[in-house]
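The values are calculated or read from the model by the stated rules, or taken from the named source; none is laboratory data. None of these values were measured; they are calculated from a predicted model. Reconstructed Cβ throughout: ideal geometry from the backbone, glycine too, with neighbour counts over all protein chains shown. What goes into the accessible areas is simple: the full protein's heavy atoms, side chains included, and nothing from ligands, DNA or RNA. Shrake-Rupley method; radii C 1.70, N 1.55, O 1.52, S 1.80 Å.
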Amino acid sequence: QVQLVQSGGGLVQPGGSLRLSCAASGFTLDDYAIGWVRQAPGKEREGVSCISSEGSTYYDSPVKGRFTISRDNAKNTVYLQMNSLKPEDTAVYYCARGVGPHSCEYDYWGQGTQVTVSS
């Protein structure tokens with residue numbers, strides 16, 4: 001059964017860093033793209049980043065230069081390293097599985113984890 005289990009969220013001060021993890025089970029990670037999506041209070045969900053099965057990456061403009069997505073296929077885990085965090089990064093972050101190796105349209109979702117950037 002497909003599962004995506006997230007960890008690593010929390011409270012951080014502006015300018016700080018967090019690393020989110022997404023542990024996959026029930027499928028072979030290197031057959032699928034994996035992405036990160038966030039939803040801030042009262043706002044629409046927005047795609048943050050996505051990584052293809054071969055490692056090509058996409059970043060939404062607000063996080064370019066600050067966030068880095070990576071994957072460790074041997075551990076069946078995808079990471080989102082978030083640096084230089086800003087209050088506007090506050091949101092619930094979800095990892096999600098693409099429908100194929102190069103697709104950032106998603107069919108399975110993690111449970112979400114809260115990231116709060118505040119002093």
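Pull out all pairs, ordered by first then second residue, where Cβ-Cβ is under 8 Å, the residues are six or more apart or on different chains, the first lies in the stretch 52-72 and is in contact (Cβ under 8 Å) with a residue 60 or more places away in the chain, and the second is among the aromatic types (Phe, Trp, Tyr) and not in a loop (DSSP other than H, G, I, E, B).
none
Looking at the structure I just gave you, is VAL117 modelled with pLDDT of 95 or more, open to solvent by less than 60 Å² (accessible area, probe 1.4 Å) and either of a type in the set (Asp, Glu) or under 14 Å from the mean Cα position of the chain (by Cα) (or both)?
No, not satisfied.
If I filter the stretch 24-35 down to residues being among the hydrophobic types (A, V, I, L, M, F, W, C) and crowded, with 18+ Cβ neighbours inside 10 Å, which single residue comes out as nearest to the chain's Cα centre (by Cα)?
ILE34
Filter the strands (runs of 3 or more DSSP E) completely within the stretch 40-109 down to those with at least 2 residues that are open to solvent by less than 50 Å² (accessible area, probe 1.4 Å) and under 24 Å from ASP30 (Cβ atoms).
Filter on the stretch 40-109 gives 46-51, 67-72, 77-82, 91-98.
Consider only pairs whose beta carbons are under 6 Å apart and that are at least six residues apart or on different chains; among these, list those whose first residue lies in the stretch 17-38 and is of a type in the set (S, T, N, Q) and whose second residue is part of a strand (DSSP E or B).
SER21/SER7; SER21/THR77; SER21/TYR79; SER25/GLN3
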